[in-house]
Amino acid sequence: MNFNAKTSRFLLLAGSALLTSACSAASPAPAAQTATIAASAASATPPVTAPASKRLPLVKVHKDPNCGCCGGWAEHMRAAGFPVEIHNTADMAALKQRLGIGEGMYSCHTSEIDGYVVEGHVPVAAIHKLLAERPKARGLVLPGMPIGSPGMESPDGYRQPFAVALLTEDGSVSAFSQHP
């Protein structure tokens, strides 16, 4: 293993540790608090639902067992009518590598939806757009954990602007949707 490979592996592990520790800081919310968060999320970003005649695909959420914010994102997806399965995964870095998510694109959880990968706190509107347009791509990425994104709501209503990117089959990214 040369210096660049060692450095790359170290950065990958350090980045995963930082995301895990940041995510662990957000402890799982009690049921009443979760309902309040879901209600504030609904008022901040109205849920986009599919027509009743169309069945939505299963969302498989892979997350660290100690992460609290990932459950908020899963609830965002459930509120929009998606069936959700939670998979606690100890080695998130290996999962992300297997699914082709580059190191600079990491967030705290990774989901699989109808043949696509969705990295991070991507809003349901962007996922509906992805599923409607069906681009030839790996999926969507929202690196980090932007404040105000689904599952990362702030009690004071603060929202950090963020952009969701389309992850192409060759691993490059392009703009997909903006969220002011």
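The table below gives the values:
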| read-out | value |
| --- | --- |
| Failed item, numbered, when S174 is tested on (1) in contact (Cβ under 8 Å) with a residue 40 or more places away in the chain; (2) among the small types (G, A, S); (3) over 23 Å from N66 (Cα atoms) | (1) |
| Residue that is more than 22 Å from E169 (Cα to Cα), of a type in the set (D, E, K, R) and surrounded by 20 or more Cβ atoms within 10 Å (Cβ to Cβ), where the choices are E85, E153, E119, E75 | E153 |
| Filter result for the condition that a residue is over 18 Å from H62 (Cβ atoms) and either open to solvent by 10 Å² or more (accessible area, probe 1.4 Å) or of a type outside the set (S, T, Y) (or both), over L166, L142, L99 | L166 |
| Selected residue [at pLDDT 95 or above, farther than 27 Å from P180 by Cα and not hydroxyl-bearing (S, T, Y)] from H109, H87, H121 | H87 |
| Residues of the stretch 72-113 that turn out to be acidic (D, E), over 19 Å from A165 (Cβ atoms) and touching a residue at least 60 places away in the same chain (Cβ under 8 Å), as a count | 1 |
| The stretch 114-139: number of residues that are without any contact (Cβ under 8 Å) to a residue 60 or more places away in the chain and outside any loop (DSSP other than H, G, I, E, B) | 11 |
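The values are calculated or read from the model by the stated rules, or taken from the named source; none is laboratory data. Because the structure is predicted, anything quoted here is derived from the model rather than measured. Cβ coordinates were reconstructed from backbone atoms using ideal geometry, including for glycine residues, and neighbour counts include every protein chain displayed. Remember, those area values only see protein heavy atoms, side chains included, never the ligands or the DNA or RNA. Shrake-Rupley method; radii C 1.70, N 1.55, O 1.52, S 1.80 Å.
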